[in-house]
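Take a look at the structure set out below.
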Amino acid sequence: MTEIESDQLRQLVERTYGGRAMLAQSVSVSESIEGGPVWDGMVHIFDLEHCPTTTRAYAWSSSVQGSTKRQFFATAHSGAIDSPAAAVRAAIAEERRSRKGKS
């Protein structure tokens, strides 16, 4: 992950949740469903200051299938989303629900 992308993720977190985001850590996350890989990459963990709703957020990007573009994700730490892996799983589940609703 490049520095530019890390800065883009920080800006996304700040736009989404407000306050000031500071990179706390980056961790590798691998998720699979029914034994097959679904996502593998780095998730950035941001600590938030002056945010009215949360003190931590997770952010990452993923390549768009069949394109050179990237999709960016930001998820607040709360409830069941208590880790980078949980944030990725929630995004995957939401994406699958969205695809089912369109078919």
> Within segment 71-93, can you find the residues that are in contact (Cβ under 8 Å) with a residue 40 or more places away in the chain and under 15 Å from Ser32 (Cβ atoms)?
Replying inline: Ala85, Val88, Arg89, Ile92
>> Please verify whether Arg70 is surrounded by 15 or more Cβ atoms within 10 Å (Cβ to Cβ) and charged (D, E, K, R), treating the condition exactly as stated.
In response: no
> Among Asp82, Asp47, which is touching a Leu at 6+ places or on another chain (Cβ under 9 Å) and either acidic (Asp, Glu) or farther than 14 Å from Gln11 by Cα (or both)?
Replying inline: Asp47
> Considering segment 31-59 alone, what residues qualify as being over 21 Å from Gly79 (Cα atoms) and in contact with a strand residue (DSSP E or B) (Cβ under 8 Å, 6 or more places away or on another chain)?
Replying inline: Ser32, Pro37, Val38, Trp39, Asp40, Gly41, Met42
> Can we say Phe73 is within 18 Å of Ile92 (Cβ to Cβ) and hydrophobic (A, V, I, L, M, F, W, C)?
Replying inline: yes
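Laboratory data are not the source of any read-out in this text; all were calculated from the coordinates shown. Quantities reported herein were computed from a predicted structural model and do not represent experimental measurements. Here Cβ is always computed from backbone atoms with ideal geometry, including for glycine, and neighbour counts include all displayed protein chains.
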